[in-house]
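Reading through the structure tokens given below for one structure.
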Amino acid sequence: MGLIRETIQYPVLITYMTGANNYTWLNFRDGRRQLVSKSLSYFERHLPGFLRVHKTALVNPQYVRDWQEPPRRRMAGTIRMQGNIELPVGRRRWDDVVQQLLAAEENQQPVAVAESEYRSIIFQTNEQTKALLFQETLEKQCPDCLVHTVKPKVPLPELIRILPDNELPVLILLDASTDPGERLSTLQRLKVEPRTAFIPTLLLVTENANDIIEKAYARKANSVVPIAYPEKGSQHAAGQHTLFVQKVTQLARYWLSVTALPLPRPSTLVSV
């Protein structure tokens, strides 16, 4: 039941579901598929934000890209999901599905907030699931935060260097659970640059990574956070999303609510 419970708890990870009788294929945002012994009707009851577009398909409207009306009266329409996956829409469901998709689009429109009022946060990770969970968690904890998730291949110090002062991040998190050497190098470059040295920069590491912890603090990390994040397929993986979200929630509460984050420094401090 662990996977089913977490699917209901973190629906942002699911793009759509297909199934028949008492079995359902879960299609994850990162491309994984998992068969579970629960019916689509079960998930429909527990995920009211999802749309039942066909007797064999339940979709997350967040990942619907567009739709095509039925070519003829008695034929099914189609919707195209992220990744160019096309799913049928039952002809009797068509009008209701389109109305709900249009309503979902309106609800996803961001509240008008001046850019200068946002607090920018950067999370560098190579794991899509962590990026999705991090962004969703931070947006709930900090409505005025603008969360950017970037992959490690992006040269973060160079990316930040071209930002104007009022767009500098107030917090940076580096996921060092993979390629810790590269994350340590990024940390060091951020901390030797006068314009970014003042930005609180945290490293997320695996548990018992004592050597990485010592090296990170030697490179002036503001905090190193061990997170129990089991590998995929391990017998303890069922609660990995919950553990990660709990830790991110604690970090958000401390760094964005308890501490006083420094204001951006004037551009005269940029090194040339």
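The table that follows gives values for the structure above.
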| item | result |
| --- | --- |
| Among the residues listed as Arg52, Arg72, Arg80, the single one being assigned to a loop (DSSP other than H, G, I, E, B) and over 20 Å from Glu136 (Cα atoms) | Arg72 |
| Conditions (1) surrounded by fewer than 17 Cβ atoms within 10 Å (Cβ to Cβ); (2) free of Cβ contacts under 8 Å to residues at least 60 places away in the same chain; number of the one not met by Asp165 | (2) |
| Qualifying positions in region 168-210 - within 24 Å of Val258 (Cβ to Cβ), out of contact with any Phe, Trp or Tyr (no Cβ under 6 Å at 6 or more places or on another chain) and not in a loop (DSSP other than H, G, I, E, B) | Ile172, Leu174, Asp175, Leu187, Leu190, Lys191, Thr201, Leu202, Leu203, Leu204, Val205 |
| Region 216-272, subset aromatic (Phe, Trp, Tyr) and part of a helix (DSSP H, G or I), residue modelled with the lowest pLDDT | Phe244 |
| In region 78-96, the residues that are touching a Phe, Trp or Tyr at 6+ places or on another chain (Cβ under 8 Å) and either under 14 Å from Phe50 (Cβ atoms) or without any contact (Cβ under 8 Å) to a residue 40 or more places away in the chain (or both) | Thr78, Ile79, Arg80, Met81, Leu87, Val89 |
| Extreme residue, surrounded by the fewest Cβ atoms within 10 Å (Cβ to Cβ), among residues of region 57-88 that are among the β-branched types (Val, Ile, Thr) and out of contact with any Pro (no Cβ under 8 Å at 6 or more places or on another chain) | Ile85 |
| Qualifying positions in region 133-166 - within 15 Å of the chain's Cα centre (by Cα), modelled with pLDDT under 85 and among the acidic types (Asp, Glu) | Glu139 |
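The values are calculated or read from the model by the stated rules, or taken from the named source; none is laboratory data. Everything numeric in this text was worked out from a predicted model, so none of it was measured. We place every Cβ from the backbone using ideal geometry, glycine too, and count neighbours over all the protein chains shown.
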